[in-house]
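K.L.:
Provided herewith is a single structure, encoded as C-alpha cells, for subsequent inquiry.
What follows draws every value from the coordinates through simple rules; no lab data is involved. Quantities reported herein were computed from a predicted structural model and do not represent experimental measurements. Don't worry about glycine lacking a Cβ; one is built from the backbone with ideal geometry, like all the others, and counts go over all protein chains shown.
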Amino acid sequence: MSNFSKIVLITLLVFCSLLCTVNARRDRRLSRRSKRAIEWGPDIVGPYCATRRDGCCPGRIDSCSVPILGTLCYCDEFCDRTRSDCCPDFYSFCRNQQTTPAPIKTPCIYNSRPYAFNTTVKNNCNLCTCAVSSTSSTGFDWRCETNVCLIRDKIINGVNDRNLGWQASNYSKFWGMTLNDGIRYRLGTYKPDGLVLSMNPIEVQHNGRLPANFDSRQKWPGFVHGVRDQGNCASSWAFSTAALASDRLSIESGGLARDDLSPQNLLSCNHYGQNGCKGGYLDRAWWYMRKRGIAVDDCYPYSSGNSGKRGTCRIRRSLGANCPSGVGRVQRLFEATPPYRISMSERDIMAEIEMNGPVQATFRVKDDFYMYKSGVYRYANIQPDAVPPEQDKYSYHSVRIIGWGLDRGPAGNLKYWLCANSWGTDWGESGYFRIERGSNECEIESFVLGVWGKVEGDEELRRTLEESREQRGREMFAANNPGK
C-alpha cells in the first residue's frame, strides 16, 4: 500500500470516528431535552406554531419553540416522538390533522374555575398565586399569603352553632380585610394612660328605683342622635365624643340644639397628642371640646371615611368663618365642661343614663366582635385571640351606651347594655349592639364618661343650658332627699 493510500485510509478512519462521536453526543442531547406535558384545553388552544415566522421545523431544532404556561412547547418533528412537548396546534397546523386531544388537567382551580400558571386570585384577605408544585398531580398549586382575616368562617360557624346568646355574620365591607386592617381602620380609641385611669369616679346618687329595661331614645325622642359610619378611618375617639356631646346638648336644651356635631372638626383640628385617622385619646378630645369647641356637621361635614386622612383644619376658633361645606358661616361653636367619670358600678352607670342621657364607654375589641350580627355579645373564644401584643394598645374602641335591658332567650336571662356603634346601620342590629352587662365584658364598664354641654355664639341657648343644669341638680337632690 502506497503512502498516499495509507494517508487517505487514516483520514477516513478519523473522520468516521469524529462523526460517530458527534452523533452519539447528538443522540444523548436529544434524549436529554426536557419534556413537560402540554395538555390541551380551551384556555390554551393557541395559536402557537401558527405564530412562528418560520412555521414548523424538520428534525430536531430546539429553537423551534413557543412560550406556553411558563415553559416552552415545540413545533419540530422531534416533539412527535413522545407527543409530550408539542404545541397544542402542532398536529392541526404542522400535520394538517384534526385531533381530539385529551382533556386538560388545569394547573390551578379556584371556585370551580381554571387558572393558568402565575395567575393570582384573592381568597378573602390573602393573595394566592398559581405556582409550580412538586406535590400536586398537575404540577401546580396555589401559594397563598397567611394573613389572619377580619372575617373568618370558622368563627362565624362556631358562634352560630353554639348557644351563646348572639349570632355572627359576614359583612361584605369587611370581607378581604385583615385583622390588622380592622384594628388599624375601624377602631381608633387609645387605651387611657395611667394618669387618666387614676381619675376619681363619681358615685351617682339615685333612689334605687331603676327599670329593668331602658332606652334613651324613648325617654328623649328625637334628642338622641342616630348611628353614623366612621368608614376606614380609626376615628371612634372623635365620633363617640361628638355624638355624646350632641346627645347631651339636645337633652339639656330641651331640643333647642339638635344638630349633629362635627367629628371632622375634631379629627382635622385636634392635633395635640392625637393622630387623626390613626387614633386618638378621649381626654384630649374633651380638652379640645372644652377649650375650642366644634361646629355642626352640616357646616363641617365628614370626609375622612373615604380618604383615610385627617385633612387640613379648615375652621379655627372663629365665629363667622366660612363653613367648609361652602354653605353659610360658623354661627355657633359647641363646647363641653370637663368630662366626669362614672364608677364601674352597674347601677351607677344605669342611674347616670336614666337621669342625664347616654354615656361614653371604651372597651377592648376582640376578633369575633367584627362579625356580631344580633343578640347579647360576649367574647366567644372560638379561636385563640389573634391580636398581636404590640397591637393591644390600639385594640380599643369607644361608643355610646344609650340604655340597658334583659334578654330572655334560649341562652338564659342575659343582662345587657344597649350601645350605639359607628360602623353604619348595615352592621349589627341596625348599627347598635348589645353587650353583657354587670361583668365588665371586654372592659366595657371600666372607663365610662359623662359630660355637660356649653355653647358660644348663642346667648339665649347658653342661658337655657345653665338653667337646665340647675333644674336637673334640684331634681336630683329632691329625688335623693325625699321630704327635704
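K.L.:
Let me know the shape class of the range 278-341, please: from the alpha-carbon gyration tensor, a ≥ b ≥ c as square roots of the eigenvalues, rounded when a/c is under 1.5, otherwise prolate if a/b is greater than b/c, or oblate.
P.N.:
Details: a/c = 2.41, a/b = 1.19, b/c = 2.02.
Here the range 278-341 falls in the oblate category.
K.L.:
How high is the FRET efficiency between residue 143 and residue 97 when r is their beta carbon distance and R₀ equals 41 Å, given to the nearest 0.05?
P.N.:
With a Förster radius of 41 Å, E is 0.60.
K.L.:
For the range 223-245 and the range 342-360, what is the separation of their Cα centres, given in Å?
P.N.:
Distance between centres, Cα-based: 19 Å.
K.L.:
Order the peptides 248-255, 456-463 from the highest to the lowest mean number of other Cβ atoms within 10 Å of their residues.
P.N.:
Numbers: 248-255: 21.0, 456-463: 14.0.
For the peptides 248-255, 456-463, the packing ranking is 248-255, 456-463.
K.L.:
With mean projected area of the Cα convex hull in nm² as the read-out, I listed (1) 35.6; (2) 39.0; (3) 25.0; which label goes with the value calculated from this structure?
P.N.:
The listed entry that was calculated here is (2).
K.L.:
From a point 7 Å beyond the Cα of residue 271 in the direction of its Cβ, which residues of the range 303-327 have a backbone N at a distance under 13 Å?
P.N.:
So the set is 310-317.
K.L.:
Continuing with the same structure: Among 66, 180, 432, whose Cα projects farthest towards the positive end of the dipole of the chain, with charges put on the beta-carbon of Lys, Arg (+1) and Asp, Glu (-1)?
P.N.:
It is 66.
K.L.:
Could I ask something else about it? What is the dipole size for the chain, taken about its Cα centre, with +1 at each Lys and Arg Cβ and -1 at each Asp and Glu Cβ, in debye to the nearest 20?
P.N.:
Working: 63 positive and 51 negative charges, 336 e Å.
So the magnitude is around 1620 debye.
K.L.:
Continuing with the same structure: Could I have the simple spin-label model distance between residue 199 and residue 181, label points 7 Å from Cα toward Cβ, reported in nm to one decimal?
P.N.:
3.4
K.L.:
Highest first, please rank the peptides 234-247, 363-376, 193-206 by the mean number of other Cβ atoms sitting within 10 Å of their residues.
P.N.:
Working: 234-247: 29.4, 363-376: 21.3, 193-206: 12.4.
Ranking, from highest mean packing down: 234-247, 363-376, 193-206.
K.L.:
On to the next question. Check every DSSP H run in the chain and write down those whose alpha carbon atoms cover 24 angstrom or more along the long axis and whose mean Kyte-Doolittle hydropathy is 0.0 or greater.
P.N.:
Working: long enough: 3-32 (44 Å, 0.54); 459-480 (32 Å, -1.66).
Helices meeting the span and hydropathy rule in the chain are 3-32.
K.L.:
Another question, then. What is the order of 175, 417, fewest Cβ neighbours within 10 Å to most?
P.N.:
175, 417
K.L.:
Going by C-beta contacts inside 10 Å, put 359, 330 in order with the fewest on the left.
P.N.:
Working: 359 26, 330 23.
Ascending Cβ contact count within 10 Å gives the list 330, 359.
K.L.:
Exposure proxy check: 61, 156 ranked by fewest other beta carbons within 10 Å? Please list the in-between numbers first.
P.N.:
Numbers: 61 15, 156 18.
Listed from fewest to most nearby Cβ atoms, that is 61, 156.
K.L.:
I need the shape label for the range 150-266. Rule: rounded when a/c is under 1.5, else prolate if a/b > b/c, else oblate, with a, b, c from the alpha carbon gyration tensor. Intermediate values should be presented prior to the final figure.
P.N.:
Values: a/c = 1.68, a/b = 1.44, b/c = 1.16.
Prolate is the answer for the range 150-266, as a/c is 1.5 or above and a/b outweighs b/c.
K.L.:
Please turn the phi angles of the range 370-381 into ³J(HN,Hα) values with the Karplus equation 6.51 cos²θ - 1.76 cosθ + 1.60 (θ = phi - 60°), one per residue in order, whole Hz, x for glycine and proline.
P.N.:
4, 9, 4, 10, 6, x, 9, 6, 8, 4, 8, 6
K.L.:
Now, a different point. What is the distance in Å between the Cα centres of the range 53-98 and the range 176-204?
P.N.:
65
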